[in-house]
Amino acid sequence: MPLLDRLLRKNPIKLLLGSFGLLDDTQLHVQFGKRKFEERLGQTEHLDQKAGDAKSPIDFLDRFLRAHRIEGRITETQAFSLAQSNINAGSDTTAISLRAIFYYLLKNPRAYDALMTEINEAERNNAFVDVETGLVTWTEAQNLCYLDATIMEALRIHPAVGLCLERVVPPEGATICGKSIPGNIIVGCNPWVINFDKDTFGADAQVFRPERWLEANPDQLALMKKYLFTFGAGSHACIGKNISMLEMYKVVPAVLRRFSVRQTYTRVKSFCLHFAATVEACRTRARVEMREFLVRYAARPACFFRTAISPAQLSHQRVSNHVVIRCSGRVEGRGP
Ligand code: HEM
C-alpha cells in the first residue's frame, strides 16, 4: 500500500523532524546500539592497548572504531551502521527464529514428542559422536528429518523479518504477475504474506504442521523451498542464511538432548508496543495484550551421556520477557 507506506513509515514530515532531532522514531534495538556505540566512542584511546591484551579480546565494535578513528577508512555513520547490522541482521533474526522454533514446539506437544522420538532413536543408534556434552554436529543434524521439517515450518510460520522486501522497478518498467508496472516504482512482498500462500503450502497454511515438509511430493517440496520467503529471494537474498541455519540446526537438538522443556502456563500481560522491523513482541504503536510464556526445563536423565547435569547446576534468570537458562560449573556424574 504505497499511500499508507508514505503516510506511516516514510512520512516526509516525520523524517524531517527526525533529521532535526525533534522526533526519535528509532526502534529499540537501534537505540540500544546507539547507546553502546556512544559509550565506546569515548574509549577509543584504549584500542591500541587492547590489541595486545589477551584478557579483553577485541570485538566487532573495537574493529569498526579502529577502522574509523585510527585508520580513517570509514566514517562514524558507517561504523555505526556496520555495528547495527551485526545486531539486527546477524543476531536478532536468528534469536527470533530460535524462539519461534521452541515456541511452536511447546505449543504443539505432538510435534515436540515426534522430534524427541527422532532424537532418542538417534541416541540409541549411536548417531551422535558427542556423548560427553550433548553437542550435535552439522552432519548429524542433517540426518534428523523431523528436525529439518520443524525448523523449516517454524521459519515459514514466523519469518523474523516482517517487512515488505522492496525492489525498485527498472526505468523501462516491468510486467509483474501479468500487470504492467511503471519504472522507478518500489514494489515488494512481505514474507508474512508469501509464506501463508495456500497454493504453495497447502490449505492449512495457517497451521504449524512440520509434517507438510515430509509429506510433500518432490515437485511440491521443490516449490515450497523455492517460495519460502523467510530469507528473501533473488540477488539481495540474505547472505547470512547458511550461518544462521548452521546455528539453528546445531542448537535445537543440542538443547533437546540435554533438557526437557515444557510450557507451564501463560499469563496475559498488557503493554504498549511500537512497530519493529523484526517480528517480535517488542514494539508497535497499539496497546496490546501479550501472553507471558513460561516454561519449565529440566536436565534429562543421563542415560545416553557419560556426564549428567545436576539440578543444582541449573539456574534461570528473567530478562525482560525471556528466560535465560544457565548451566554452571562442570557437569558431573556418570550415566551407563
Ligand atoms: C534466521 C535468520 C535470518 C533471517 C530470517 C534473515 C532474513 C533476511 C531477509 C529477509 C533479508 C532481505 C532479503 C531480500 O530483500 O530479499 C536479509 C538480508 C540480509 N541478511 Fe539476513 N537473515 C538472517 C540471518 C542473517 C545473518 C546471520 C546475517 C549475517 C551474518 C545476515 C545478513 C544479511 C545481510 C548482510 C543482508 C543484506 C543482503 C543484501 O542486501 O544483498 N542475515 N536477511
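Go through 162-174, 248-260 and give me the packing order, highest mean Cβ count within 10 Å leading.
248-260, 162-174
What residues qualify as long-range amide H neighbours of residue 165, i.e. H under 5 Å apart, gap of 5 or more or another chain, H built at 1.01 Å from N?
HN-HN under 5 Å from residue 165: 189, 190.
Using the structure shown, select from 107/250; 36/250; 14/34 the pairs with a Cα to Cα distance greater than 23 angstrom.
Too far apart for the 23 Å limit: 36/250.
Calculate one ³J(HN,Hα) per residue across region 252-259 by plugging θ = phi - 60° into the Karplus curve 6.51 cos²θ - 1.76 cosθ + 1.60, and present them in order as whole Hz with x for glycine and proline.
Working through the residues one at a time gives 4, x, 5, 5, 6, 5, 9, 10 Hz.
Check residue 263: other-chain or 5+ apart residues with amide H under 5 Å from its amide H, H built from backbone geometry?
Amide H neighbours of residue 263: 296.
Could you compute the net charge surrounding residue 194? Neighbours are other residues with a C-beta less than 12 Å from the C-beta of residue 194; K and R count +1, D and E count -1.
+1
Rounded, prolate or oblate, given the Cα gyration tensor of region 65-115, with a/c below 1.5 counting as rounded?
prolate
No value in this document is a laboratory result; all are computed from the given coordinates. Note that the structure is a prediction, hence the values are computed from the model and not measured. In this analysis, Cβ positions are derived from the backbone assuming ideal geometry, glycine residues included, and neighbour counts consider all displayed protein chains.
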